[in-house]
């Protein structure tokens, strides 16, 4: 994860918060309660919230996206404003000097204005298009250098496929029977030094589904034990799925 600009949403973590919140709102009836959405968001980003750099970004992004949809939780707004008042989360900007800090603060003042100004009417997001994928489906994606990566569909959540990256990167797509025995790729980071599966939920955006994004359905290996428990709230547009941090790390690109 990283930031490439001074604005709040010029940041991978902030975008992750935004897309995850969108997914919670894009649910079939009954609509998720605002308080339940907030609770799920704080649970989903528990690790990031404990980080001195990422934690403030999560709170600010959550407050901003809730505000956009007229659903700003008072406790979230209060925490976000305290972050702004206390200048929390500026360490990474301080490393680049006073000008970077000033530009970041100026960008975040727009967030303050949004949170403290008149709030828009509460609104809903449309239910996403139902996926044609099924649990157990395996998708292949080929990178320009010729290597393929494999993704399996673990389950369907609110019309969307929850996917896990398989531990494979090779020039040839293996036979489906061999794919069935492959383990999931384990992501190792500061939160999980022994590795963990990081699933993503594929979302159509501007008409780009998995096929339009370059993924090819190659067969079905069936679901696996524990698939129903995989986190579904890490949402990724199919157009960006091939560029996730997990895939890039696996390939070393």
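The values are calculated or read from the model by the stated rules, or taken from the named source; none is laboratory data. None of the values given here were measured: they were computed from a predicted structure. Neighbour counts are summed over all protein chains in view; Cβ atoms, including those assigned to glycine, are modelled from backbone coordinates with ideal geometry.
Structure above, values below:
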{"read-out": "Enumeration of residues in the range 1-19 that are at pLDDT 90 or above and over 18 Å from residue 237 (Cβ atoms)", "value": "6, 7, 8"}
{"read-out": "Matching residues in the range 112-161 - criterion: being closer than 15 Å to residue 66 by Cβ and within 21 Å of the chain's Cα centre (by Cα)", "value": "124, 125"}
{"read-out": "Filter result (in a loop (DSSP other than H, G, I, E, B) and loosely packed, with under 14 Cβ neighbours inside 10 Å) within the range 113-124", "value": "117, 118, 120, 121, 122, 123, 124"}
{"read-out": "So residue 110, is it in the same structural domain as residue 78 (by TED's automatic domain parsing), more than 29 Å from residue 73 (Cβ to Cβ) and either in contact with a strand residue (DSSP E or B) (Cβ under 6 Å, 6 or more places away or on another chain) or not in a loop (DSSP other than H, G, I, E, B) (or both)", "value": "no"}
